[in-house]
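One structure below.
The values are calculated or read from the model by the stated rules, or taken from the named source; none is laboratory data. No experiment lies behind these values; they were computed from the predicted model shown. Because the Cβ atoms are built from the backbone with ideal geometry, glycine has one as well, and the counts that use them run over all protein chains shown. The accessibility values were calculated without ligands, DNA or RNA, using every heavy atom of the protein model including side chains. Shrake-Rupley method; radii C 1.70, N 1.55, O 1.52, S 1.80 Å.
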Amino acid sequence: MKFSYGMTIGELVVEMNNGGSQSTLYAASREAGKAIPKDIIPYVFKAAAYDYEKNMYKATSQTDESMTIENLLPLARQLQKQAKIEKLNKDIVASPTVIENGKEPIKEIIESNPLQNELTLANQSEAQAFILEALDLTLDELSFIKELAKNKVTTNGIESIYESIKQLGGRDRLNKTYYISKEVIEMAAEFCEEKSVKVSQFVEVAILEAIKKYK
């Protein structure tokens, strides 16, 4: 199937409705540079307000067919995280808590609101594990975000990528085409997605750092 991250959701839906599948979309996105995780794919269409009925993707009244896949991916990830949080809250509300009362256990169904359930977890480590799972973060990633908020993030004494991007300023920019090995492109794309920065910004920072180093 035809696929690129710059194509619109309307164009992708045509491909999907003409015999495409989530498996072929995954393979095509991988060939385009970086695979869309299989668990994210359904949320790409949900983010664009498409319903899946009778093996067809159908637009709703709120659909914007001009949105690109690249722009939809952050929305799709947010929807997936929200779905995870809703599922966790539902599981907490539905799970019975057994309270020992003498010799006879009493089953109590938790009916309070989800936020209260989260705040009354058994211990600090359980609460921390719940929050990290809900946010889809590791403990190291959460610590990194906290440090970033304080503008203190550095890596082995090297200025953070975010601070370097800030220093790029409003330079005039030109569109140039360069040929780079596929492996480096994949590494750069993965790094930029992980750090939530633009590839063009990362490349510009990398070139400036290289000039400083080899000047």
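Brief remarks on what is shown
- Sulfur and carbon atoms: percent of accessible area, segment 1-77 [1.4 Å]: 47
- Accessible area ranking (1.4 Å probe, heavy atoms, ligands and nucleic acids excluded), largest first, for M1, M16, M187: M187, M1, M16.
- Rounded accessible area of Y26 (nearest 10 Å², 1.4 Å probe): 60
- Working from label points 7 Å from Cα in the Cα-to-Cβ sense, the K90 to A59 distance is 3.0 nm.
- Only protein heavy atoms count here; on that basis, with a 1.4 Å probe, T60 has an accessible area of about 50 Å².
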